[in-house]
């Protein structure tokens, strides 16, 4: 062991407080330090994950009080996998935006990197924490960073997107607090494991109402259907890497929160079916909205929402195969959708409105970016031999094992819709003539490195899924074993 | 139309919420083995902090507070980022009419008292109601008063961010020191002393003082940033 | 449940808190002005905070402070946990409100209006 | 050995792609090598015995061949090699060579992979690789990508997803992805699964085989792809659908009582496909489109044979599959050659190429004869067997349908030959040269095999026989071909041979003697020469006989043609898009509305909480 989970939170916080001071010493430090912090977090998470996969979960106590009293962090195979993924994506996003922001003034650059780092830290906190109120705090950290990053460009529409996000986020925190208080008033504790072990004593009506408030609150962040009005706007108006961060990081953390509530804390059997229901509705509404989009990033945003719906469906199966498939999809979605956001934002770099038609004929000017976008598009619709295929296969296999033929058919039909709109864009890139007004912008070296890394990952996972499935199996087994989680947290003698 | 729909929706929501909370009941303990009893007991026996709320905020759930301080910090940063203008675009404060001499001299008198009150509140956070957040807010109101009274009163931005950063670093640093001494983050590693003494509670008052500084500096920063915004 | 007598005041606090939440939500959902929406949202926050504190209340309870010369009986003390949580919630609410107001300023700067119905460039 | 072949293919594809940056000749050589080396490795080293197992992502994958897939591999690799030689010359001086070569090799690899797959997952993987690589070839020209290309991919995806659904359903029942496990357990499955699984699988295969309601992608895709590729697209790739159908029809459906209905329905769909394909082919003025529709029709015959499923019918279907690969491959290559030399493939424009491109003509002629089912070419043998099997199994109505379609096919056969090669020479095409050797030789080789199979069908009937025995046919008989009247014990035609050769003689006489004579007697006139008839032709009246000469026939069948399935699909797609457009209006852009949605969501959940949780 080289560290403990609490360092995931403390080191970035220290760095965040330090950055304004460091910026006074040497301006370049405000860019470099977040990267170093993220790199450190990645090393830490990989090490811890290795440790956890062999020796079992790490439960970290804070302030020396054993779990029902103090706050604790749980780094298990499941949360550890997600943390590693989130931090890895965060590092890539940092590398991608390292030069991206060079043309911006010092002050905004400082704030951008600080907020980006805190966005990632907040997500990591959501995943690691073992306390429902602490999770609320981290959700708010993520939220505020998200609002600010969405409004980062001083253009006309970014503030609008950010305001919508903030409005919904604010309502979300209201419901989250209500839910937390209903739970607290019944069991007198805020620790997840403790609540889970006492859940059977709560009257069902309180359970259900607090669950409804929870799902509403976190559903806003996790972009489930009627609650996701902010998402397309925010994805569209945020800077490219931030869109990737929303798709690859924030949503993942929120889905983790939903899953933790459904699988571990609440023992509502209807919650699983409910996940399937809202997942399907989200999938259908988002994918059908995506096909008619005129703006590239907006299309990607809807596609991302749809993918998360699919993840929700997989989680809703409630079987270990389902969880495995969902985690696999989360992984693939993080990689592929980030690649699409990265390459997509270069394809329409100099455009004001980011219309899809502005990607016409870009393959001649940006061959590598175009190729990577096409690779991402092929991968996300699940064509073999790319990464997306394996997750789709495992998802469908899990669904078939749960006898959900109708859902399989629905998911596959929606996949055809998805295929159509991605192919249309790829065709435009390769086979149309360039619009007169558009000016291609060559990707910077950093951006290219990041995109190629992601593309390589797609191929690696596509050709050799075993590289990742071992971890995923352990992670899904870890999530399914609710008793073990409670035992690990509550029987801590530290 | 929209209003009616919203009223119906909110009515339903309110009905269910009210029903739930009325059902939960008011004014009596709802549960038997809650953490609050342990808190009330340990704050006296282990932490020697007479204000249980403080011991919860700073020690039992100190991690929340760290996050909370971060939220404030982020809000200030976000504010700066959202309202950012290039230097030459930043305008002077617009003042409709200047304050009368009664106000100016009055606030000059009041200002040290307000600051002192704030400091008192956060220094005694572990003994009496109050604490870092409350004290910090009081300090910020002092600055607000000065900023409102004097058109060209300015706060040194560097000092503000220095205070913010150092206080934050101190908070996290104390937490890390606890990690090194006691094995867990934010561990109370200093001998707690005697209950109801000013110097009691180990690191708790120290952390709360840091929080007080940080909150004061950040709220002042927020006020300062927004005041310098022309519509 | 304590059903031996019906004490209206018992329910007043919950009722008021929920009413404040609803009023705030109404403001946020119906009012056209961005400022009013932000005010609505912070009213909601206040309502929630009141509700949280009310949950921890104990009839005839004292503040959870062990001051000298003061009957410090832990059993008669109100629940300190919701109070601690409220502290956090207030601060977070403040942060969000500050950001929201900043965004309103930005929106006004670009659109020249505070009417939310006129600020919908991003749709569909 | 099995996987090495695939690795060689894949590595070759990548090397070829990147070699284009260095040297074009190197790229050509690498391209040929990466087709030919694995192909020869396949025939030299791959036997039914060696099986390669692999566990990937927790799924057991297995590669190996059997007698049936060997037969189809013969088609794929044989035709693929010929088309590869042709492509080298065809692609000279064209852009996107690396792209073409890459996808070409990848398609061949995918098809080989499909044939090697012993489990459904690797089958599906290779199937999808085949789909997207062929899609990339369909849009190679950059023409109609948003219509034709998308249509092809959407139909392929619908098929593939139907197949995927079947695969996961099978896995949920069997717990295994192996095809043999499926075959073994299929008779014991519940009845609804016995219906669902074949329907889904047949949908998947039916798309690639362009069976009737799923055929609408084919004309566009076949004619849009480069001709060098279309020859394997139509000749080999569509046979993958046939291969799958054979497995489903024989290995699964012949063991369950519902199989009877499946067979009848599939056979009739094949018959209708044949008729519709033929009628549409007649109407075309573009050779590519004509051949595309003709491919649909020919695949219809094959499907009829497989659908009927008696030993003879199955043999007829498989034989036709081989022969179709030969002649349709040749014809597409020929059109490619003509298009390359003249720049167009429209009958209205190109005429009288017989003396300019004689070898292309010879290859086309043999293939057309084979296509039309005239002795002594391979097509005849196949059709004869098909008729015979239909008659012996009492499908008289189907015989009429097939017969109608075959007869009508003469019209477009004639049109093809006459349109390009015969007729008046025009000045515009005076300088047209014969295609390069590398293009002509593959055509001639392929057409030679068409001819050879007419006389010695036993060459290919033996592998077919082996394949069918592998599937479970003819365990009591040594040689299935003995069930047909036209063969002797060696598998060669006997009964009709005297008749055949006299027909050949007459035919050759007409072909060579009369054609040459007619040339000598022709008075060369321009198309606008008034002496051609009593009236002065108007500008738009083309005097080439290949155009619109079957007007009366078309008028007769017009009611059938008017109901294009394509229109319904387009209408459905447009309707759906309009619906989606309407649905996304739910995102009004007003933040307050979104907030109201949140409250609505909560309230709905609260109201229905007893049902939901």
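The values are calculated or read from the model by the stated rules, or taken from the named source; none is laboratory data. Predicted model only: the values in this text are computed from it and were never measured. When we count neighbours, we look across all protein chains shown, and the Cβ atoms used for this are built from the backbone with ideal geometry, even at glycine.
Tabulated values for the structure
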| read-out | value |
| --- | --- |
| Among the candidates B:155, B:222, B:163, residue that is at pLDDT below 90, more than 22 Å from residue B:49 (Cβ to Cβ) and not in a helix (DSSP H, G or I) | B:155 |
| Any pair with Cβ under 7 angstrom, 6 or more apart, that starts in the stretch A:459-470 at a residue that is in contact (Cβ under 8 Å) with a residue 24 or more places away in the chain and at the interface with another protein chain (Cβ under 7 Å from one of its Cβ atoms) and ends at one that is surrounded by fewer than 20 Cβ atoms within 10 Å (Cβ to Cβ) and in a loop (DSSP other than H, G, I, E, B) | A:469/D:58 |
| Test for residue B:22: is it in a helix (DSSP H, G or I), over 29 Å from the mean Cα position of the chain (by Cα), surrounded by 14 or more Cβ atoms within 10 Å (Cβ to Cβ) and modelled with pLDDT of 85 or more | yes |
| Residue B:15 under 29 Å from residue C:8 (Cα atoms), without any contact (Cβ under 8 Å) to a residue 40 or more places away in the chain and more than 9 Å from chain A (Cβ to nearest Cβ) | yes |
| Count - residues of the stretch A:327-379 that are free of Cβ contacts under 8 Å to residues at least 60 places away in the same chain and within 28 Å of residue A:127 (Cβ to Cβ) | 1 |
| Test: residue in the stretch B:110-127 that is over 20 Å from residue A:148 (Cβ atoms), modelled with pLDDT under 90, surrounded by 15 or more Cβ atoms within 10 Å (Cβ to Cβ) and over 15 Å from the mean Cα position of the chain (by Cα) | yes |
| Residue identified as within 14 Å of chain D (Cβ to nearest Cβ) and closer than 23 Å to residue A:288 by Cβ among A:399, A:326, A:387 | A:399 |
| Selected residue (only one of D:72, D:102 is crowded, with 22+ Cβ neighbours inside 10 Å, under 20 Å from the mean Cα position of the chain (by Cα) and either at pLDDT 90 or above or within 26 Å of residue D:227 (Cβ to Cβ) (or both)) | D:72 |
| Some residue of the stretch B:70-89 being in contact with a helix residue (DSSP H, G or I) (Cβ under 8 Å, 6 or more places away or on another chain), surrounded by fewer than 24 Cβ atoms within 10 Å (Cβ to Cβ) and either away from chain A (no Cβ under 14 Å) or in a loop (DSSP other than H, G, I, E, B) (or both) | yes |
| Residue within the stretch A:238-247 that is within 11 Å of another protein chain (Cβ to nearest Cβ), closer than 26 Å to residue D:590 by Cα and under 17 Å from the mean Cα position of the chain (by Cα) present | no |
| Any hit, the stretch A:178-199, residues being in contact with a strand residue (DSSP E or B) (Cβ under 9 Å, 6 or more places away or on another chain) and either surrounded by fewer than 24 Cβ atoms within 10 Å (Cβ to Cβ) or in a loop (DSSP other than H, G, I, E, B) (or both) | yes |
| Members of the stretch B:174-187 that are more than 7 Å from chain A (Cβ to nearest Cβ) and assigned to a loop (DSSP other than H, G, I, E, B) | B:183 |
| Matching option when the condition is part of a helix (DSSP H, G or I), surrounded by 13 or more Cβ atoms within 10 Å (Cβ to Cβ) and within 9 Å of another protein chain (Cβ to nearest Cβ), among D:581, D:610 | D:581 |
| The one condition in (1) within 14 Å of chain A (Cβ to nearest Cβ); (2) exposed (fewer than 14 other Cβ atoms within 10 Å of the Cβ) that residue B:31 fails to fulfil | (2) |
| The stretch D:81-132 - residue that is within 14 Å of chain A (Cβ to nearest Cβ) and assigned to a loop (DSSP other than H, G, I, E, B) and, of those, farthest from residue D:149 (Cα to Cα) | D:95 |
| Residues within the stretch A:208-232 that are more than 8 Å from chain D (Cβ to nearest Cβ) and in a helix (DSSP H, G or I), tallied | 8 |
| Top-ranked residue of the stretch C:88-124 - restricted to ones that are in contact (Cβ under 8 Å) with a residue 60 or more places away in the chain and away from chain D (no Cβ under 14 Å), ranked as nearest to residue A:228 (Cα to Cα) | C:101 |
| Residue in the stretch B:174-183 that is at positive phi, free of Cβ contacts under 8 Å to residues at least 12 places away in the same chain and surrounded by fewer than 17 Cβ atoms within 10 Å (Cβ to Cβ) present | yes |
| Count of the stretch D:196-239 residues which are more than 19 Å from residue D:165 (Cβ to Cβ) and part of a helix (DSSP H, G or I) | 22 |
| Test: residue in the stretch D:228-240 that is touching a residue at least 12 places away in the same chain (Cβ under 8 Å), over 15 Å from residue D:111 (Cα atoms) and surrounded by 24 or more Cβ atoms within 10 Å (Cβ to Cβ) | yes |
| Breaking point among (1) over 30 Å from residue A:202 (Cα atoms); (2) touching a helix residue (DSSP H, G or I) at 6+ places or on another chain (Cβ under 9 Å), for residue B:26 | (1) |
| Matching residues, the stretch D:133-171, being more than 8 Å from chain A (Cβ to nearest Cβ), outside any helix (DSSP H, G or I) and closer than 23 Å to residue D:14 by Cα | D:140, D:141 |
| Test for residue B:6: is it under 31 Å from the mean Cα position of the chain (by Cα), in a helix (DSSP H, G or I) and over 20 Å from residue A:199 (Cβ atoms) | no |
| Hey, residue D:381 touching a strand residue (DSSP E or B) at 6+ places or on another chain (Cβ under 8 Å), surrounded by 23 or more Cβ atoms within 10 Å (Cβ to Cβ) and under 26 Å from residue D:236 (Cβ atoms) or not | yes |
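Condition check ((1) in contact with a strand residue (DSSP E or B) (Cβ under 7 Å, 6 or more places away or on another chain); (2) modelled with pLDDT under 90) across all residues:
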position	(1), (2)
A:18	no, yes
A:30	no, yes
A:38	no, no
A:57	yes, yes
A:69	no, yes
A:75	yes, no
A:84	no, no
A:87	no, no
A:93	no, no
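Conditions (1) buried (at least 23 other Cβ atoms within 10 Å of the Cβ); (2) more than 10 Å from every other protein chain (Cβ to nearest Cβ); (3) at pLDDT below 90, marked per residue:
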position	(1), (2), (3)
B:172	yes, no, yes
B:190	no, yes, yes
B:197	no, yes, yes
B:205	yes, yes, yes
B:216	yes, yes, no
